[in-house]
Amino acid sequence: MQPQADPFIVPVCHGEIEILYQDEHLLLINKPTGLLSLSSKPPHNQDSVHSRLIKEFPTATLVHRLDLGTSGIMIVALNKAINGVIGNQFQDRTVTKSYTAVLLGHLQEETGSMDFPIAKGEFPLQKVCYETGKKSLTDYRVIERNEKDGKLTTRVEFKPVTGRTHQLRVHSEAFGYPILGCDLYASDEAFFMVKRLMLHATTIEFDHPITGERIYGVSPCPF
C-alpha cells in the first residue's frame, strides 16, 4: 500500500482583508496574497477569505475566487440571491476585470492577445491543448519595461476575455513570458526572482444587482 502524500498546508497569512465598498447587498474587498478564497478540507487550511468574512457577515458567499498567490479585488455577495444575479453576469461575460502582472522578459508589442485553448492537466495544473482545450483569450497592454541586474521584466495590464482556471499564468508561460513568482508554471529563474506571485486583480466592473448601476471597483497594485 502506497503511503499517502502529506496534504499541502498553506503558510499562515498575516495579511488583512480590506473592505473597499459595502452596502446591504454586497462587498468589494481586497484579498491579500497568500490567503485562500475558500477553506479546504478540514482540518487543514481553514483560514480563508470566506472563513474570515462570515465572522462579521454570516450570510456572505463568494461570487468568484482568486488563486492563493493572487491579491486584489473580489466581489462578495451578502445573500444567495445576490450571488445568483452577479454569477449570471459572469456567465454572460458582462463583468470586466483587469489585472496587473510582472513578466520575465521584454514583450515586444505594446498591445496584443494571448490565444491558447486550456484543458485540465495533471492536478493541480492546467495545460494548453488544441485537441481538448476550451477557447481562452487574454488581452494585454504593456505598462512599462524594466531592467535590473541584467534581468528584463515587463509590467503589463491583463484583461481576460474568458475566465479559465489559471488562465493568466498558463497564457503567460505559453507566450514565453512567465509571471514572476509563479510556483506552478514559471521557470526557476522567474519563480525565485521575487517573494510572491506578481499578479494582482486591479479592477472589476459589473452591474449592481439591485440598482442596475454600473459599479467600477479599483484595488491599487501593491507592487
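Every read-out reported here was derived from the displayed coordinates using simple, explicitly stated rules and does not represent laboratory data. Predicted, not measured: the structure shown is a model, and the values here were computed from it. Ideal geometry is used to build each Cβ from the backbone, glycine not excepted, and the neighbour counts take in all protein chains shown.
Once amide H atoms are built 1.01 Å from N in the peptide plane, which residues 5 or more positions from Asp207, or in another chain, come under 5 Å H to H?
Ile215
Which cross-chain or sequence-distant (5 or more) residues have an amide H under 5 Å from the amide H of Leu107, H modelled 1.01 Å from N in plane?
none
If you average the alpha carbon positions of the stretch 123-184 and of the stretch 50-122, how far apart do those two centres end up, in angstrom?
15 Å
Long-range amide H contacts for Met193: which residues qualify at under 5 Å (H placed 1.01 Å from N, peptide plane, sequence gap of 5 or more or a different chain)?
Amide H neighbours of Met193, under 5 Å, 5+ apart: Gly181.
Could you point to the residue in Ala201, Gly112, Tyr130 farthest towards the positive end of the chain's charge dipole, with +1 and -1 charges on the Cβ of Lys/Arg and Asp/Glu respectively?
The residue sitting most towards the positive pole is Tyr130.
Tell me the label-point distance for the pair Ser113, Ser39, using the 7 Å Cα-to-Cβ offset, in nm and rounded to one decimal.
Here the answer is 4.2 nm between the modelled labels.
I want to make sure I understand the PRE zone here: with the label point 7 angstrom from the Cα of Asp139 toward its beta carbon, which residues in the stretch 154-173 have backbone N atoms less than 13 Å away?
Under cut-off, by backbone N: 157-162.
With only Lys, Arg, Asp and Glu charged, each at its Cβ (+1 for the first two, -1 for the last two), find how big the charge dipole of the stretch 1-105 is about the Cα centre; round to the nearest 20 debye. Don't skip to the answer; put the middle values down first.
Values: 8 positive and 9 negative charges, 47 e Å.
Dipole of the stretch 1-105, to the nearest 20 debye: 220 debye.
Over the chain, with a Gaussian network built from C-alpha contacts below 10 Å, which listed residue (Tyr140, Tyr21, Tyr177) shows the highest mean-square fluctuation?
Residue with maximal mean-square fluctuation among Tyr140, Tyr21, Tyr177: Tyr21.
With +1 assigned to the C-beta of every Lys and Arg and -1 to the C-beta of every Asp and Glu, and no other charges, what is the dipole magnitude of the stretch 95-140 about the Cα centre in debye, to the nearest 20?
Working: 5 positive and 6 negative charges, 56 e Å.
In debye, rounded to 20, the stretch 95-140 gives about 280.
What GluC sites (Glu not before Pro) does the stretch 3-79 have in DSSP loop regions with at most 16 other beta carbons within 10 Å? Write out the running numbers ahead of the final one.
On the way: sites: Glu16, Glu18, Glu24, Glu56; in loops: Glu16, Glu24, Glu56.
Answer by residue number: Glu16, Glu24, Glu56.
Restricting to Cα atoms and excluding each atom paired with itself, what does the Kirkwood estimate give for the stretch 51-155 in Å?
Working: mean 1/r = 0.0585 Å⁻¹.
It works out to 17.1 Å.
Find the relative contact order for the chain and round it to a whole percent, using C-alpha pairs within less than 8 Å whose residues are 6+ positions apart. Mind dumping the intermediate values first?
Values: 473 pairs, mean separation 40.9, N = 223.
18 percent.
Hey, of [x] 9, 34, 33, 19, 5, 1, 0; [y] 8, 36, 41, 14, 1; [z] 8, 31, 36, 21, 5, 0, which did the structure itself give for P(r) over Cα pairs in 10 Å bins from 0, in percent when calculated?
[z]
Give, rounded to the nearest 20 debye, the magnitude of the charge dipole that the stretch 99-199 has about its Cα centre when Lys and Arg contribute +1 at Cβ and Asp and Glu contribute -1 at Cβ.
Details: 14 positive and 14 negative charges, 70 e Å.
In total the dipole reaches around 340 debye.
When a/c reaches 1.5 or more, the comparison of a/b and b/c decides; with that in mind, is the stretch 99-199 rounded, prolate or oblate per its Cα gyration tensor?
Oblate, because a/c is 1.5 or more while a/b does not exceed b/c.
Can you work out ³J(HN,Hα) from phi for every residue in the stretch 101-115, in order, using Karplus 6.51 cos²θ - 1.76 cosθ + 1.60 and θ = phi - 60°, giving whole Hz and x for Gly and Pro?
Once θ is set to phi - 60°, the couplings for the stretch 101-115 become 9, 10, 10, 7, x, 9, 5, 7, 8, 6, 9, x, 9, 10, 10 Hz.
Across the chain, how many lysine pairs separated by 8 or more positions, or lying on different chains, have Cα atoms within less than 25 Å?
Close lysine pairs under the 25 Å cut-off: 28.
Please work out whether the stretch 168-223 counts as rounded, prolate or oblate from its C-alpha gyration tensor, where a ≥ b ≥ c are the square roots of the eigenvalues and a/c under 1.5 means rounded, while otherwise a/b larger than b/c means prolate and anything else oblate?
Working: a/c = 4.50, a/b = 2.49, b/c = 1.81.
The shape class here is prolate.
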